[in-house]
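To keep things clear, I will list the structure first and then write my remarks on it.
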Amino acid sequence: MLETYQNILENLKEQTHFRDIKDFAAKDEKYIYYNGKKLINLSSNNYLGFADNKEITEEFLRHCDVYSFGSASARLLTGTLPVYNELEFLLCDMFKKNGALLFNSGYHANVGINSSLAERGDVIFSDKLNHASIIDGMRLSEGKFFRYPHNNMDALEKLLIRERKNFKNAVIVSESVFSMDGDVADIEKLVELKEKYNCILVLDEAHAFGVFGKKALGVTETLDITDKVDLIVGTFGKAIGSVGAFAVGNEILIDYLTNKARSFIFSTSLPPINIAFTKWIIENKLPTTFEKRQKMLSIGKQAGSDSHIVPVIIGGNKEAVDSCEILFQNGYFTLPIRPPTVPEGTSRLRLSLTTEITEKELNNAISLVK
Ligand SMILES: Cc1ncc(COP(=O)(O)O)c(C=O)c1O
């Protein structure tokens with residue numbers, strides 16, 4: 001039987017789809033140390049440099065009481081402590097919502113939310129480029145789902161006109177900053193459509209929370225429509241430099257998720273020390289980052305993106321792999337993004353900025369492969 005799997009792996013190798021885990025020696029806020037080289041990391045989600053930062057880690061450990069490294073249980077059993085509730089209160093306060101729920105990761109959040117919000121007889125409308133965790137959640141749902149062409153609001157409305165009447169509850173789900181393309185959803189139009197067709201709007205701000213907006217809440221803050229989105233999802237593993245995720249929204253939806261989202265119910269909660277670190281970063285470090293974040297976004301804009309994620313479309317798989325090698329030889333680290341993560345023929349380099357990377361460094365990297 002192993003032969004079948006072996007053949008599948010050989011096939012992946014032939015199509016340059018094979019993935020392996022790289023052996024990094026070390027990393028910090030800007031560089032990655034790999035194969036004896038010090039490389040500028042253009043593949044990081046550590047947008048503000050809070051992860052892999054020795055001084056920040058030491059400062060946190062100096063100022064915080066002792067929290068343990070294991071929670072030993074799901075939160076509905078005995079895996080919760082005041083610090084979890086304090087972080088949820090903090091998020092409610094920041095977003096001006098009356099409910100918040102922590103998840104172990106963005107993957108857990110999206111799987112739990114999308115699998116539970118639509119039950120039999122319900123429907124989900126999802127952007128075609130939404131993250132795998134949203135797709136997996138919809139696949140686990142007993143409801144039906146439709147995927148509309150990326151950011152195409154006319155196509156979504158046509159779908160709503162045709163299908164909304166056939167279902168009881170309806171959910172529209174989209175990322176705000178798309179993880180692979182770096183473009184931003186038309187959130188105002190999504191709000192208009194969700195109101196017109198009586199749907200719940202779920203917005204995944206994984207790459208925008210901690211980056212967009214004066215208070216770093218995400219794109220909804222910059223548009224001043226945080227109150228119009230039913231559920232906002234954010235992750236702590238990217239800009240916050242920690243681990244975990246959250247959903248904020250109306251307390252009815254949050255109570256519903258607490259009772260129905262299986263990825264929340266049946267998984268041991270994150271260690272208290274990680275929850276405390278997340279809360280400490282949000283309270284103590286995030287508030288002073290506005291100017292740096294604006295600068296990072298303006299560098300992304302100059303490179304033609306809506307955000308700090310700059311896609312460089314190469315086309316073929318092999319060409320994308322070769323482009324990474326060119327960058328590697330010139331002191332940059334990035335990985336090729338290939339199907340099924342992105343559509344066939346659009347293999348690319350996904351260059352992600354951090355507040356440490358300069359305009360000159362980015363432009364130089366792009367000119368090497370374009
Ligand atoms: C849009 C989006 N949502 C969710 C996730 C998953 O988040 P996590 O890494 O916390 O599981 C990712 C991860 O890359 C993402 O890009």
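I'm checking my understanding of the structure. Among residues of the stretch 26-45 that are small (Gly, Ala, Ser) and without any contact (Cβ under 8 Å) to a residue 12 or more places away in the chain, which one is farthest from Thr354 (Cα to Cα)?
Applying the filter and picking the extreme gives Gly36.
Of all residues in the stretch 245-261, how many are surrounded by 20 or more Cβ atoms within 10 Å (Cβ to Cβ) and of a type in the set (Phe, Trp, Tyr)?
1
Of the residues Phe277, Phe236, Phe264, which single one is touching a strand residue (DSSP E or B) at 6+ places or on another chain (Cβ under 8 Å), touching a residue at least 24 places away in the same chain (Cβ under 8 Å), crowded, with 23+ Cβ neighbours inside 10 Å and more than 20 Å from Val177 (Cβ to Cβ)?
After ruling out the rest, the residue left standing is Phe264.
Just for the stretch 350-370: of the residues that are out of contact with any Asp or Glu (no Cβ under 8 Å at 6 or more places or on another chain), closer than 22 Å to Ala26 by Cα and not in a helix (DSSP H, G or I), which one is most open to solvent (accessible area, probe 1.4 Å)?
Thr358
Restricting to the stretch 304-333, name every residue that is in a loop (DSSP other than H, G, I, E, B), modelled with pLDDT of 95 or more and surrounded by fewer than 20 Cβ atoms within 10 Å (Cβ to Cβ).
Gly304, Asp306, Asn330, Gly331
If you take the residues in the stretch 80-121 that are farther than 18 Å from Asn259 by Cα and of a type in the set (D, E, K, R), which one is most open to solvent (accessible area, probe 1.4 Å)?
Of everything passing the filter in the stretch 80-121, Lys96 is most open to solvent (accessible area, probe 1.4 Å).
Being touching a residue at least 24 places away in the same chain (Cβ under 8 Å), farther than 27 Å from Val177 by Cβ and assigned by TED's automatic domain parsing to the domain that holds Asp204 narrows it down to one of Leu91, Leu81, so name that one.
So the residue among Leu91, Leu81 that is touching a residue at least 24 places away in the same chain (Cβ under 8 Å), farther than 27 Å from Val177 by Cβ and assigned by TED's automatic domain parsing to the domain that holds Asp204 is Leu81.
Would you point out which residue out of Pro336, Pro340 is surrounded by 15 or more Cβ atoms within 10 Å (Cβ to Cβ), at pLDDT below 95 and not assigned by TED's automatic domain parsing to the domain that holds Asn114?
On inspection, the qualifying residue turns out to be Pro336.
Kindly indicate the residue of the stretch 125-160 that is among the charged types (D, E, K, R) and within 16 Å of the ligand (Cβ to nearest atom) and also least open to solvent (accessible area, probe 1.4 Å) among those meeting that condition.
Asp127
What pairs can you find where one residue is in the stretch 112-124 and assigned by TED's automatic domain parsing to the domain that holds Ala261, the other is assigned to a helix (DSSP H, G or I) and among the aromatic types (Phe, Trp, Tyr), and their Cβ atoms are less than 6 Å apart, with a gap of 6+ or different chains?
Listed by first residue and then by second, the contacts come to Gly112/Phe264.
Going through the stretch 223-244 one residue at a time, which ones are more than 11 Å from the ligand (Cβ to nearest atom) and not in a loop (DSSP other than H, G, I, E, B)?
Answer for the stretch 223-244, where residues must be more than 11 Å from the ligand (Cβ to nearest atom) and not in a loop (DSSP other than H, G, I, E, B): Leu223, Thr226, Asp227, Lys228, Leu231, Ile232.
Provide a single number: the residues in the stretch 195-222 that are away from the ligand (no atom under 12 Å from the Cβ) and either within 20 Å of Val171 (Cβ to Cβ) or modelled with pLDDT under 95 (or both).
Qualifying residue count for the region: 9.
Residues in the stretch 164-178 that are open to solvent by less than 10 Å² (accessible area, probe 1.4 Å), out of contact with any Leu (no Cβ under 7 Å at 6 or more places or on another chain) and either in a loop (DSSP other than H, G, I, E, B) or within 10 Å of the ligand (Cβ to nearest atom) (or both): how many?
2
The values are calculated or read from the model by the stated rules, or taken from the named source; none is laboratory data. Nothing here was measured: the structure is a model prediction, and the numbers come from that model. Every residue, glycine among them, receives a Cβ derived from its backbone with ideal geometry; neighbour counts consider all protein chains shown. Keep in mind that these areas ignore ligands, DNA and RNA; they rest on the heavy atoms of the full protein, side chains included. Shrake-Rupley method; radii C 1.70, N 1.55, O 1.52, S 1.80 Å.
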